[in-house]
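The structure under discussion appears below in the form of structure tokens.
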Amino acid sequence: MAYEKLSAQVEQLTNPQRSDAFFKQFRDAVREGKIEAADLPERFELPKEYRRRGADETYTRTVKDMVVDVTPAYKKWFDGVNEELSQNTRRVAAPKASLESVESGDVDFAAMVEETRRKMQASFAKGQSLGNARKTAAKPAAKRTTKK
């Protein structure tokens, strides 16, 4: 059996800025019994650099080091997590609805039509229910206007 430190494994990550996410997933996997690892008394710095809002300075976090049993199952787990973390996680905004985007096919016209119909129907139904509520609430009890 080969043993290796967690700090050495973190150095092998493709994207060091995701080392904090890797550390979290690693701890979860150890807790759930997916991989075998044990705590060591020493600590190490994660390669990720953090920035405080409104300040230019950066800082790093230190975490407890662990010793890992490097088995084929662990290597498979590490490769999967490393690939998952190295992928680009930026979200791409949906294209704006315009004539050009509809013509180019970036926006689904049929979906836009359905969404417009749904909004118009909801607005119409809301107006109808408000009008009906006022109609029934506006009728006070009949009062006599003449004297007996």
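How large, in Å, is the range 1-99 by the Kirkwood hydrodynamic radius built from its alpha-carbon pairs?
Values: mean 1/r = 0.0654 Å⁻¹.
Evaluated on the range 1-99, it is 15.3 Å.
Whole number in Å², please: accessible area per residue of the chain, 1.4 Å probe, ligands, DNA and RNA not counted.
Values: 11970 Å² over 148 residues.
With the other protein chains kept in place, the chain gives 81 Å² per residue.
Given R₀ = 30 Å, what would the calculated FRET efficiency be for Ser86 paired with Asp106, taking r from the Cβ atoms and rounding to 0.05?
After rounding to 0.05, the efficiency reads 0.60.
At 0.36 nm per residue, minus the direct Cα-Cα distance, what do Asp69 and Ala122 gain on full extension? Give it in nm, one decimal, please. It would help to have the intermediate numbers written out before the result.
Details: separation 53, 0.36 × 53 = 19.08 nm, distance 5.92 nm.
Residue separation times 0.36 nm, minus the Cα-Cα distance, leaves 13.2 nm.
With each run of n ≥ 4 DSSP H residues scored as -39500 (n - 2.57), what mean residue ellipticity at 222 nm is computed for the chain after dividing by its residue count and rounding to the nearest 500 deg cm²/dmol? Don't jump to the answer; show the numbers that get you there.
Numbers: 5 runs with 70 residues, N = 148.
Result for the chain: -15500 deg cm²/dmol, rounded to the nearest 500.
The values are calculated or read from the model by the stated rules, or taken from the named source; none is laboratory data. Note that the structure is predicted; figures quoted are calculated from it, not measured. Methodologically, a virtual Cβ is constructed for each residue, glycine included, from the backbone with ideal geometry; neighbour enumeration extends over all protein chains shown. These accessible areas exclude ligands, DNA and RNA; they are computed on the full protein's heavy atoms, side chains included. Shrake-Rupley method; radii C 1.70, N 1.55, O 1.52, S 1.80 Å.
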